[in-house]
Amino acid sequence: MTNASGSSPVDDEHTNRSHVGEAISDGRNYPGYLLIGLGLATLGLTLVAAGYGFRGWAVIAGIVCVVSFIVGTLAILMEHRRVKRLEGQELFDQEGH
């Protein structure tokens, strides 16, 4: 459902913040969330491989884990920065609570 300007309607009466549900409605965040999920999975693989003595696999999984966390976090921050920039605000501008 959209309003006359083509954008989604905003219920200012019931929402405190302008980005409520941004993580769900903005599909450009999903690659970052998937990379963080991959990082969590490879963290488990790293711990299991290290526990069983597979040093090579533990190092490989550890590298994938760290890279996934960093790239995923940067992807989410860059998308959030893009959304804020479209509104004429900086990344860490406070609003709401």
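Quick rundown of the values:
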| read-out | value |
| --- | --- |
| Using a Förster distance of 25 Å, the FRET efficiency for residue 74-residue 41 (Cβ separation, nearest 0.05) | 0.85 |
| Largest to smallest accessible area among 90, 79 [probe 1.4 Å] | 90, 79 |
| Separation of the residue 82 and residue 30 label points, Cα + 7 Å toward Cβ, nm | 1.4 nm |
| Relative packing of peptides 48-59, 32-43 - highest average C-beta neighbours within 10 Å first | 32-43, 48-59 |
| Label-point separation in nm, residue 89 to residue 66, each point 7 Å along Cα→Cβ | 3.5 nm |
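The values are calculated or read from the model by the stated rules, or taken from the named source; none is laboratory data. Remember, predicted model here, so these are calculated numbers, not experimental data. For neighbour counting, all protein chains shown are included, and Cβ atoms are generated from backbone atoms with ideal geometry for every residue, glycine included. When the accessible area is computed, the model is the full protein with side chains, heavy atoms only, and any ligands, DNA or RNA have been set aside. Shrake-Rupley method; radii C 1.70, N 1.55, O 1.52, S 1.80 Å.
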